[in-house]
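Chemist: Provided herewith is a single structure, encoded as structure tokens, for subsequent inquiry.
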Amino acid sequence: MFLSEKNIQTIKDLQADGIKQKQLTKEHLELIYTENWFNMWVPKNLNGLEVDFLDGLYFIKDLAYEDGGLAWTVTLCAGANMFAGFLDPELATQIWQNPKICLGGSGAASGKAKWDGENYEISGFWKYATGAPHLNYFTLNAEIWEGEKAKLDDNGEKIIRSFLVPKDQVLVHYDWDTFGLECTASHSFSIDRIKVPQNFSFELKPETKTVFSPLFEIPFMCFAELTLAMNYIGMFDRFCDLIHRKLFQKAGNPNANEEEIGDTFMFLDQLISEHKERTNLLTDLALDIWEQVKASEAKVEDNLLSKVAEKARDHVKWIRLKTAELLPIGGISAAQKEEQLNIVLRNLLTASQHSLLNRY
């Protein structure tokens, strides 16, 4: 899985329109549908690409290098389409007959699902459904209630399940108005007392998978940490390259302080080297996990999951701090809204607010 030069040029040509329209354009979506990117993790028997896990991670990184907003949308929607491996097989077969199928929603358990013996009656409000304008189904988490009481598990904790709801039963609140990742159109949504059949409910746990593939042995939290981390890494790669270009321009100024420029080049090279080391450490962990599940389809070792969680959050925090440290090198052009340096900066800073990998 790779980005062709033609696709890269198309992505560059469409970026400004996506920002202006505050959502992916029709041309963006046609590119995604043609290449089947939303289905990169979906099994082949459902017309998905079922890509190698590492290949998929590297693809996300490369896509984020070209356009962080597009990559973020593809990552989140492809991650939701991956739920195909946990759905009732007959339902999944029915849904994935649509070559333009796209799922997305929220992982927050900010709703209630009341079981009436036949269906779940769901109500609630959820934030940040990436790609809301082009979703076919919204995904959500909700607490399970029976009567007027929340159901509890054996440990006394509230039971939470995941659900699919068709778009025509969802009210989208067009409230995404950020200064970066504009084209992700990550609007809020709500539903009110909608009846959902039992087979539209599922759990994202390896033991509940309905497709036997190594991918679905990776706990979803770990999957989300790694795929999101690749977005930050790809965007920061681009940011560093743009800063490097600005520094070369400054070095060409006859009035430049050569010693200061030399020191800055050295600082930048050291920072890029550390970034690569951190990235390699994370991708090595991803490889270990992938090799483990491919070999045995057994439970991923807890120590590997803990390392991914720690290293992903550490690296994202490091990227956020180093972005601010590098910013002055960009000069005033880094504050110009249509400059690539500013676009990447805005995307990085907006992405840094996502709760999953956010660390103070």
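The values are calculated or read from the model by the stated rules, or taken from the named source; none is laboratory data. Everything numeric in this text was worked out from a predicted model, so none of it was measured. We place every Cβ from the backbone using ideal geometry, glycine too, and count neighbours over all the protein chains shown. These accessible areas exclude ligands, DNA and RNA; they are computed on the full protein's heavy atoms, side chains included. Shrake-Rupley method; radii C 1.70, N 1.55, O 1.52, S 1.80 Å.
Chemist: Compute the semi-axes of the equivalent ellipsoid of the range 154-232, taking the square root of 5 times each eigenvalue of the Cα gyration tensor, and list them largest first in whole Å.
Modeler: The equivalent ellipsoid of the range 154-232 has semi-axes of 26, 22, 13 Å.
Chemist: Hey, another quick one. So how far apart, in nm, are the two label points at residue 310 and residue 298 if each is 7 Å from Cα heading toward Cβ?
Modeler: 2.3 nm
Chemist: Taking amide H positions as placed 1.01 Å from N in the peptide plane, with prolines and chain starts having none, which residues 5 or more places from residue 142, or on another chain, fall under 5 Å of its amide H?
Modeler: The answer is 161.
Chemist: A further question follows. I need the shape label for the range 1-47. Rule: rounded when a/c is under 1.5, else prolate if a/b > b/c, else oblate, with a, b, c from the alpha carbon gyration tensor.
Modeler: oblate
Chemist: Placing +1 at every Lys and Arg Cβ and -1 at every Asp and Glu Cβ, with all other atoms neutral, what dipole size does the chain have around its Cα centre, in debye to the nearest 20?
Modeler: Its charge dipole is roughly 700 debye.
Chemist: State to the nearest 20 debye the size of the charge dipole of the range 107-198 about its Cα centre, where the only charges are +1 on K and R beta carbons and -1 on D and E beta carbons.
Modeler: 60 debye
Chemist: Okay, moving on. With a point put 7 Å past each Cα toward its Cβ, work out how far residue 100 is from residue 167 in nm, to one decimal.
Modeler: 0.8 nm
Chemist: Would you pull out the residues with amide H under 5 Å of residue 87's amide H, same chain only if 5 or more places away, H placed 1.01 Å from N?
Modeler: Correct list: 210.
Chemist: Quick one: if the Förster radius is 56 Å, what FRET efficiency do residue 54 and residue 339 give, using the C-beta to C-beta distance and rounding to 0.05?
Modeler: So, using R0 = 56 Å, E works out to roughly 0.95.
Chemist: Expressed as a whole percentage, what fraction of the accessible surface of the chain belongs to carbon and sulfur atoms when a 1.4 Å probe is rolled over the protein heavy atoms?
Modeler: Summing carbon and sulfur atoms, their accessible area is 49 percent of the total for the chain.
Chemist: What angle, in degrees between 0 and 90 and rounded to the nearest 10, separates the Cα long axis of helix 68-81 from the longest principal axis of the Cα atoms of the chain?
Modeler: On a 0 to 90 degree scale, this one is about 20.
Chemist: Excluding residues fewer than 8 places away in the same chain, name every one of the lysines whose C-alpha is closer than 18 Å to that of residue 20.
Modeler: Within the straight-line limit of under 18 Å, residue 20 reaches these lysines: 12, 337.
Chemist: Another question, then. Before I look further, what does the range 1-73 give for accessible area per residue, probe 1.4 Å, in whole square angstrom?
Modeler: 46 Å²
Chemist: OK, next. Using the alpha-carbon atoms, what tilt in degrees (0 to 90, nearest 10) does helix 340-351 show relative to the longest principal axis of the chain?
Modeler: Orientation of helix 340-351: about 40 degrees from the principal axis.
Chemist: Between residue 332 and residue 355, what is the spin-label point distance in nm, taking each point 7 Å from the Cα along the Cα→C-beta axis?
Modeler: 4.1 nm
Chemist: Calculate the FRET efficiency for residue 274 and residue 119 from the Cβ-Cβ distance with a Förster distance of 45 Å, rounded to the nearest 0.05.
Modeler: Approximately 0.25, to the nearest 0.05.
Chemist: As a test of understanding, state the convex hull volume per residue of the range 102-201 from its alpha carbons, in Å³.
Modeler: Considering the Cα atoms of the range 102-201, their hull volume per residue is 102 Å³.
Chemist: Under 23 Å Cα-Cα from residue 167, which lysines qualify once same-chain neighbours fewer than 8 residues away are excluded?
Modeler: Filter leaves 22, 26, 100, 112, 114, 127, 195.
Chemist: Roughly speaking, what is the stretch gain from residue 193 to residue 12, that is 0.36 nm per residue apart minus the C-alpha to C-alpha distance, in nm to one decimal?
Modeler: Computed gain between residue 193 and residue 12 is 60.9 nm.
Chemist: Compute log10 of I(q)/I(0) for the chain with the Debye formula, placing one identical point scatterer on every Cα and leaving out solvent, at q = 0.11, 0.13 Å⁻¹, to two decimals.
Modeler: -0.77, -1.05
Chemist: Hey, another quick one. Quote the FRET efficiency, to the nearest 0.05, computed for residue 159 versus residue 284 with a Förster distance R0 of 41 Å and r equal to the Cβ-Cβ distance.
Modeler: My answer for the efficiency is 0.65.
Chemist: I'd like the orientation of helix 302-326 relative to the chain: the angle between its Cα long axis and the longest Cα principal axis, in ° from 0 to 90, rounded to 10.
Modeler: Rounded to the nearest ten degrees, it is 40.
Chemist: Additional query: Any idea what the dipole of the range 234-294 comes to, in debye rounded to 20, about its Cα centre with Lys/Arg Cβ at +1 and Asp/Glu Cβ at -1?
Modeler: The dipole magnitude comes to about 340 debye.
Chemist: If packing is taken as the mean number of other Cβ atoms within 10 Å per residue, what is the order of 128-134, 255-261, 110-116, highest first?
Modeler: The densest-packed peptide leads the list: 128-134, 110-116, 255-261.
Chemist: Identify, among 280, 306, 243, the residue whose Cα sits farthest towards the positive end of the charge dipole of the chain, taking +1 on the Cβ of Lys and Arg and -1 on the Cβ of Asp and Glu, with the dipole about the Cα centre.
Modeler: 243
Chemist: List the residues whose amide H sits under 5 Å from the amide H of residue 188, counting only those 5 or more places along or on another chain, with H placed 1.01 Å from N in the peptide plane.
Modeler: Long-range HN contacts for residue 188: 128, 129, 173, 175, 176.
Chemist: Among rounded, prolate and oblate, which fits the range 245-360 when a ≥ b ≥ c are the square roots of the eigenvalues of its C-alpha gyration tensor, a/c under 1.5 means rounded, and a/b larger than b/c means prolate?
Modeler: Here the range 245-360 falls in the prolate category.
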